[in-house]
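What follows is a structure written as structure tokens; I'll ask about it next.
The values are calculated or read from the model by the stated rules, or taken from the named source; none is laboratory data. Since the model is a prediction, treat every value here as computed from it, not as a measurement. Quick reminder, even Gly has a Cβ in these numbers, built from the backbone with ideal geometry, and neighbours come from all protein chains shown.
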Amino acid sequence: MTERRFAKITGWGKYVPAKVLTNADLEKMVDTSDEWITSRTGIKERHIRAEGENSSDMSVKSAMPALEMAGLTPQDLDLIIVACSSPDYLVPGVATIVQDKLGAKCGAFQIAAGCAGWVYALATASQFIQSGSMRNILVIGTEIISMGIDYTDRTTCVLFGDASASVVLQATDKPAGVLAYELGSDGSGAKSLYVPAAGTVLPVAANIDKIIENKLSYLHMDGPEVFKFATRVLSSSMKRVLDKAGLLADDIQLFIPHQANYRIIETAARMMRQPMDKFMVNIQKYGNTSAASVPLALVEAFEEGRCKAGDKVLMCAFGAGLTWASAIVQLGEAKAEEESVAESWISGGRAMYMAKRAMNRVQDSVQNFMLNWKIRQVEAARRRKQERQSSN
Ligand code: UT7
């Protein structure tokens, strides 16, 4: 019989630039207030890269402590994946530059799946290890979102920050690592959150005046539209991945959601019927760091003792694409062999799981109905307001 392989998290590290941009600073730059930003998003401050600091530099700074913790050198790596939508250059991807700066000798590629990128990268790395083809993989999430932000646009400039976080995955034969994952995409929402210029649609050289005049090299976001998508997808994706793993929300010790908006996280906690203290939140310190958001929250959860070996954590991210991704990860190694399905039927465990899941489904339908009703109310109010404004 072939030995089963699992991808265990054996090291982690983070890097955030020293420069801090507070809500008070932003009050001086645009027509906003600490009260608005805090109550609408939960953000108090965010970190901004130093002059000349690039995504590859930040990636190396978060990767080194992760490698050291795992007891590896860069030469031991079989692969480097960097989730990043703000690379050093449009071409090549940032991962090869990271590989060179680390002095690693392995393959390296970048995943650009918006804020969901790092969870995509984690699932991808896990598959390489589980297939038996690789043993040691570095999975980095890095963003310098500030480079694409228009600091005169109050609807986006208060939200984002720069950061990097890394995790090392290593092969083991004990149950560990990614137990289940879901990757999702809905490209019909591509223009809800995008940078219009510099791709093939609007090449820079031929459109330079138009790009500058209309600020098309900056991030454009339809905040309310993304908010609607995010409130629906965060809990629904987490529920689907729980089903895939045959687990209930109560089996999860810590939820690590993408840090885009405190209100989105609160809604997810309500929809999961789980207390807020089971949700990792560090948005107040960093804002939305896109692909670095979930790994940064994971690293801080380890540092703060919010999670430990033996725990199951559920991570979920969503963003530009529109994309989303969820993964349930067993930290350390599983305490004991999981009961077989037959044994668990005999002990009643499986029957109990099925009964609880059926009850959850009923509660879910009521809550989904309420959420959709609330979203329709908000949309109707927004339409009425727009009509009033256009008739004035
Ligand atoms: O990681 C990628 C995923 N991104 C997200 O998940 C972001 C999702 N969206 C959001 O988090 C929220 O939509 C925002 C935080 C971006 C905006 O919050 P909102 O409650 O949806 O506000 P809104 O866009 O409906 O704007 C309400 C009002 C507007 O003013 P009027 O028209 O009512 O006079 C905005 O102009 O708030 C105004 N506003 C601001 N006021 C002060 C928008 N931004 C600001 C600001 N300061 N920074």
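If you scan region 124-155, which residues turn out to be closer than 20 Å to ALA260 by Cα and surrounded by 24 or more Cβ atoms within 10 Å (Cβ to Cβ)?
Hits for region 124-155 are ILE140, GLY141, THR142, GLU143, ILE144, ILE145.
Could you check region 157-259 for strands (runs of 3 or more DSSP E) lying wholly inside it with 1 or more residues that are at pLDDT 95 or above and among the hydroxyl-bearing types (Ser, Thr, Tyr)?
Details: elements: 163-172, 177-185, 254-257.
Hits in region 157-259: 163-172, 177-185.
Determine the pairs where a residue that is under 18 Å from VAL195 (Cα atoms), located within region 222-235, has a partner that is more than 8 Å from the ligand (Cβ to nearest atom) and part of a helix (DSSP H, G or I) with Cβ atoms under 6 Å apart, the partner being 6 or more residues away or on another chain.
Between residues of region 222-235 that are under 18 Å from VAL195 (Cα atoms) and residues that are more than 8 Å from the ligand (Cβ to nearest atom) and part of a helix (DSSP H, G or I), the close pairs are ASP222/SER192; GLU225/SER192; VAL226/SER192.
Name the residues in region 80-103 that are among the β-branched types (Val, Ile, Thr) and touching a residue at least 60 places away in the same chain (Cβ under 8 Å), would you?
ILE80, VAL82
OK, next. Out of MET315, MET370, I need the residue that is in contact with a helix residue (DSSP H, G or I) (Cβ under 6 Å, 6 or more places away or on another chain) and at pLDDT 90 or above. Which one?
Step by step, each of MET315, MET370 is checked, and only MET315 is in contact with a helix residue (DSSP H, G or I) (Cβ under 6 Å, 6 or more places away or on another chain) and at pLDDT 90 or above.
Select, from ALA230, ALA121, ALA116, the only residue that is of a type in the set (Gly, Ala, Ser), away from the ligand (no atom under 13 Å from the Cβ), surrounded by 20 or more Cβ atoms within 10 Å (Cβ to Cβ) and under 19 Å from the mean Cα position of the chain (by Cα).
Matching residue, one of ALA230, ALA121, ALA116: ALA121.
Out of the residues in region 204-227 that are among the β-branched types (Val, Ile, Thr) and surrounded by 15 or more Cβ atoms within 10 Å (Cβ to Cβ), which is nearest to the ligand (Cβ to nearest atom)?
That would be VAL226.
Quick check: is even one residue across region 156-166 in contact with a Ser or Thr (Cβ under 7 Å, 6 or more places away or on another chain) and under 27 Å from GLY246 (Cα atoms)?
Within region 156-166 (the criterion being in contact with a Ser or Thr (Cβ under 7 Å, 6 or more places away or on another chain) and under 27 Å from GLY246 (Cα atoms)), the answer is no, since none of the residues qualifies.
For region 227-280, how many residues meet the condition of being touching a helix residue (DSSP H, G or I) at 6+ places or on another chain (Cβ under 9 Å) and within 23 Å of PRO175 (Cα to Cα)?
Residues that pass the stated criteria total 16.
Let me ask you something else. For residues in region 268-278 being surrounded by 19 or more Cβ atoms within 10 Å (Cβ to Cβ) and touching a residue at least 24 places away in the same chain (Cβ under 8 Å), which is farthest from MET315 (Cα to Cα)? Write out each step before concluding.
Initially, region 268-278 is screened for residues surrounded by 19 or more Cβ atoms within 10 Å (Cβ to Cβ), giving 268-269, 271-272.
From what's left, touching a residue at least 24 places away in the same chain (Cβ under 8 Å): 268, 271-272.
Numbers: ALA268: 12, MET271: 15, MET272: 13 Å.
So the residue we want is MET271.
Being within 16 Å of LEU296 (Cβ to Cβ) and at pLDDT 95 or above narrows it down to one residue among ALA83, ALA104; which is it?
ALA83 is the lone residue from the list that is within 16 Å of LEU296 (Cβ to Cβ) and at pLDDT 95 or above.
Let me ask something else. Just checking, how many residues over region 74-119 are touching a Leu at 6+ places or on another chain (Cβ under 9 Å), over 15 Å from VAL167 (Cβ atoms) and in a loop (DSSP other than H, G, I, E, B)?
5
A further question follows. Condition first: over 22 Å from GLY287 (Cα atoms), in a loop (DSSP other than H, G, I, E, B) and basic (Lys, Arg). Now tell me which residues in region 297-316 satisfy that.
Hit for region 297-316 is LYS308, nothing else.
A follow-up question, please. Just name the residue that is farthest from VAL168 (Cα to Cα) out of those in region 12-37 that are surrounded by 14 or more Cβ atoms within 10 Å (Cβ to Cβ) and charged (D, E, K, R).
The residue in question is GLU27.
While we're looking at this one, here's another question. Given the conditions (1) hydrophobic (A, V, I, L, M, F, W, C); (2) surrounded by 15 or more Cβ atoms within 10 Å (Cβ to Cβ); (3) over 28 Å from GLN110 (Cα atoms), which single one is not true for ILE9?
Among (1) hydrophobic (A, V, I, L, M, F, W, C); (2) surrounded by 15 or more Cβ atoms within 10 Å (Cβ to Cβ); (3) over 28 Å from GLN110 (Cα atoms), the lone unmet condition for ILE9 is (3).
Turning to a different aspect of this structure: Counting only residues that are within 16 Å of the ligand (Cβ to nearest atom), give me the strands (runs of 3 or more DSSP E) lying completely in region 1-67 with at least 2 of them.
Those strands (runs of 3 or more DSSP E) span 19-22, 45-48.
Starting from region 114-127, keep only residues that are farther than 10 Å from ALA317 by Cβ, then list their pairs with residues that are among the charged types (D, E, K, R) whose Cβ atoms are within a distance under 9 Å, requiring at least 6 positions of separation or different chains.
ALA123/GLU182
State which residue pairs qualify: first residue over 14 Å from ASN282 (Cα atoms) and inside region 250-262, second residue crowded, with 20+ Cβ neighbours inside 10 Å in any location, beta carbons under 6 Å apart, and separation of 6 or more residues or different chains.
The qualifying pairs are ILE252/LEU314.
With the condition kept exactly as written, say whether any residue in region 297-308 is more than 16 Å from the ligand (Cβ to nearest atom) and among the β-branched types (Val, Ile, Thr).
yes
If you don't mind, there's one more thing I want to ask. Assess whether GLY184 counts as being under 23 Å from ASP364 (Cβ atoms) and within 16 Å of the ligand (Cβ to nearest atom).
Details: under 23 Å from ASP364 (Cβ atoms): yes; within 16 Å of the ligand (Cβ to nearest atom): yes.
Taking the combined requirement at face value, the residue satisfies it.
I'm checking my understanding of the structure. Among residues of region 1-27 that are in contact (Cβ under 8 Å) with a residue 60 or more places away in the chain and aliphatic (A, V, I, L, M), which one is nearest to LYS312 (Cα to Cα)?
ILE9
If I filter region 277-293 for residues that are farther than 22 Å from PRO224 by Cα, hydrophobic (A, V, I, L, M, F, W, C) and over 16 Å from the mean Cα position of the chain (by Cα), do I get at least one hit?
Taking every residue of region 277-293 in turn, none turns out to be farther than 22 Å from PRO224 by Cα, hydrophobic (A, V, I, L, M, F, W, C) and over 16 Å from the mean Cα position of the chain (by Cα).
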